[in-house]
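K.L.:
For reference, the structure I am asking about is given below.
The values are calculated or read from the model by the stated rules, or taken from the named source; none is laboratory data. Keep in mind that what you see is a predicted model, and the values were worked out from it rather than measured. Neighbour counts are summed over all protein chains in view; Cβ atoms, including those assigned to glycine, are modelled from backbone coordinates with ideal geometry.
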Amino acid sequence: MSPSGNVARGPGRRYMLARQARMQKRIESTHRELILDLVRRPAEHPTADAVFMHARASVPTISLTTVYRNLRRLVADGRLRERMFGGVSRFDAHLEDHGMSSCADAVPPA
């Protein structure tokens, strides 16, 4: 560490940056798992706003942007599906067809 309190350039700085990146990844992964768990819980298919409100109960500092980003990633990874119900995007953790009439009427978002 330099006399000013900053981490010096070189291996020490690279170590700190790598450590920060690992910590950020861990936080993102934790948020993603929380969001996936919240979508799996209810019998209905929650909106992003509903997921956000429930997530805030567990993680008061989570942002709506974080919820949307993780929902989109979970959909892209095939762990959730997104459906439009009456013009509102909702998320479903049941990837197979499960016979709900509202699910049969839902369409994938464009």
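K.L.:
Could you tell me which residue of segment 60-110 is farthest from Asp49 (Cα to Cα), considering only residues that are of a type in the set (A, V, I, L, M), modelled with pLDDT of 70 or more and part of a strand (DSSP E or B)?
P.N.:
Filtering segment 60-110 for residues that are of a type in the set (A, V, I, L, M), modelled with pLDDT of 70 or more and part of a strand (DSSP E or B), the one farthest from Asp49 (Cα to Cα) comes out as Met84.
K.L.:
Considering only segment 50-81, state which residues are surrounded by fewer than 18 Cβ atoms within 10 Å (Cβ to Cβ) and charged (D, E, K, R).
P.N.:
Arg56, Arg69, Arg72, Arg73, Asp77, Arg79
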